[in-house]
Structure formats: C-alpha cells, structure tokens
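Trainee: Okay, handing you the structure first.
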Amino acid sequence: MAPDDKGNRAKHIPVNFDDGNGEDDSEAVSNELETSPEVTSTTPESGQPDPDHETFAETDPPVRPSPQADGSPADVAPNAGGPELAELVATRAELKRLEAEAKDLRDSLARRQADFENYRKRMERERTETYNRVVADIAAKLLPVLDNLKRALETEASVEASESDEFRHFLSGVDLIYKQLNGVLDAFGVKPVAAEGEMFNPHVHEAVVTEETDEYEPDTVIQEIVRGFKLGDKLIRPSLVKVAVKK
C-alpha cells in the first residue's frame with residue numbers, strides 16, 4: 001500500500017489556513033511544493049503515456065501561392081518552396097524566353113522569305129525586260145534587210161520568160177534566205193503585225209495612203225506597204241498601210 005499512499009500524496013497539495021502568521025504559512029506551502037514529486041502523465045507501473053492525457057499538436061497546412069494566369073506562382077521568392085519550386089520558376093522563365101526568341105526568329109524568317117521572293121521577281125522582270133530590249137534592238141536592225149529581200153522577190157513577177165535560168169535560181173536563193181531570216185526572228189519571239197483586212201489600229205498601224213472605195217468598210221486596211229513587227233506587247237515597228245475611206 002506504500003506506493004498508493006505516495007501517489008495520493010503527490011496528487012494533493014496541502015493547504016494551511018492563515019491564522020495571522022501569513023509568512024510562515026507561505027513558506028510552508030512553498031516547501032511542500034518543492035518536496036512533492038513531479039506529476040507526470042505516465043502510469044506508475046509501465047511508464048507509458050496516459051491515454052487520458054494525450055496531447056495534439058496543431059500544425060497549420062503549408063500555404064501555397066495562388067498561380068498566375070500562365071501557371072507560374074505569383075509573388076513567390078525563388079527559395080520559398082525549396083529548390084524544386086526555384087527550379088520550376090527558372091524553367092518557366094527560360095521557356096518564356098525561348099518562346100519569345102522562337103517567335104522573333106519566325107517573324108524574321110517570314111520577312112526574309114518575302115524579301116527574297118520580291119528580289120527574285122524583280123530580277124526575273126529585269127532579266128525579261130533586258131532580253132526583250134536586246135532582241136528588239138537586233139530585230140530593228142535586221143528588218144531593213146528583210147524588207148530588201150522581200151522587194152527582190154517581188155521583182156520576180158516582172159521578170160520575163162526570156163530571162164535565164166541562172167537568174168531564176170538566184171531569186172530562189174533569195175527567197176530561201178528571206179524565209180530563213182523570218183524563221184530566226186520568229187524563234188526570238190518577233191511576230192509580224194496583222195494588217196491587211198484588219199480595222200485600222202493607230203497603236204500598231206501607220207496610214208501612209210488613203211483610198212476612197214465602196215468595196216471595204218471605212219478605216220479598213222486594204223494594203224500593207226511595209227510590214228510591222230512586235231515582240232510580245234512591245235511594238236518594234238508599226239505597219240505602213242493603205243486605209244479605205246468612204247467616198
């Protein structure tokens with residue numbers, strides 16, 4: 001029974017009533033408290049925690065920063081959530097930088113492609129214009145030769161039958177040269193201007209003679225005096241023509 005008495009004494013604090021000597025009573029209470037054994041929450045026999053005196057530690061849950069619109073934490077120091085959060089913030093910042101850099105590169109590439117396409121078209125246009133100008137200049141110098149060959153062939157109709165065969169062979173050679181020269185001009189894109197039977201067009205025809213007639217409608221080309229030529233839409237030489245007019 002000794003342990004029970006000791007335990008009961010440990011759980012009770014003696015109280016002395018004040019009979020006028022307050023100092024002695026206070027000292028007695030202090031001495032009793034100092035000499036009383038320490039109260040613990042363990043059972044005397046096992047030394048284990050008393051289930052009736054369990055304590056609960058209240059811990060606040062970690063505060064997580066609310067994310068921004070792009071998913072990155074808002075107003076968080078790099079080390080607020082440890083190295084993982086700092087690495088995440090750095091990775092997202094690097095991703096944004098790379099996305100902006102990629103966008104700039106795509107825009108720059110699009111501009112360079114547009115500039116190159118414009119340059120290619122300009123060079124092609126200039127090359128075509130240079131080619132047409134050179135061909136037109138050469139054709140303009142060859143056209144008088146072609147006219148003379150044509151005039152030589154037109155004299156064949158006035159040659160009498162008494163003329164020698166050698167002369168006729170000569171005219172045949174001239175006709176061959178005339179056709180060959182026309183073929184060369186045609187290969188370079190030099191085409192004759194349609195004239196006889198067409199309505200007079202001041203852009204490609206030049207009227208040198210007019211004739212009053214009822215056989216043709218007014219302003220109709222009734223004869224081609226000198227053939228005109230053009231290269232594509234560029235006129236090299238207008239046709240010299242005779243135009244019908246109303247009587």
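Trainee: Which one is surrounded by the most Cβ atoms within 10 Å (Cβ to Cβ), of the residues in the range 197-239 that are farther than 25 Å from Val134 by Cβ and either of a type in the set (A, V, I, L, M) or in contact (Cβ under 8 Å) with a residue 60 or more places away in the chain (or both)?
Mentor: By that ranking, first place goes to Val221.
Trainee: Could I ask something else about it? Among the residues of the range 132-152, is there at least one that is more than 30 Å from Leu231 (Cα to Cα), surrounded by 11 or more Cβ atoms within 10 Å (Cβ to Cβ), at pLDDT below 90 and of a type outside the set (Gly, Ala, Ser)? Break it down stepwise before answering.
Mentor: Residues of the range 132-152 more than 30 Å from Leu231 (Cα to Cα): none.
There is no residue in the range 132-152 that is more than 30 Å from Leu231 (Cα to Cα), surrounded by 11 or more Cβ atoms within 10 Å (Cβ to Cβ), at pLDDT below 90 and of a type outside the set (Gly, Ala, Ser).
Trainee: I've got another one for you. Name the one entry in Glu206, Glu217 that is in contact with a Ser or Thr (Cβ under 9 Å, 6 or more places away or on another chain) and closer than 29 Å to Asp233 by Cβ. Break it down into steps so the answer makes sense when it comes.
Mentor: Numbers: Glu217 fails: in contact with a Ser or Thr (Cβ under 9 Å, 6 or more places away or on another chain).
Only one candidate passes the filter, namely Glu206.
Trainee: Give me a count of the residues in the range 166-187 that are among the hydrophobic types (A, V, I, L, M, F, W, C), farther than 20 Å from Leu231 by Cβ and without any contact (Cβ under 8 Å) to a residue 24 or more places away in the chain. I'd like the intermediate steps shown before the answer.
Mentor: In the first step, residues of the range 166-187 are kept if they are among the hydrophobic types (A, V, I, L, M, F, W, C); the result is 167, 170-171, 174, 176-177, 181, 184-185, 187.
From what is left, the residues that are farther than 20 Å from Leu231 by Cβ are 167, 170-171, 174, 176-177.
Then drop every residue that is not without any contact (Cβ under 8 Å) to a residue 24 or more places away in the chain, which leaves 167, 170-171, 176.
Of the residues in that region, 4 qualify.
The values are calculated or read from the model by the stated rules, or taken from the named source; none is laboratory data. Keep in mind it's a predicted model, so treat the numbers as computed, not measured. No Cβ is skipped: glycine too gets one built from the backbone with ideal geometry, and neighbour counts run over all protein chains shown.
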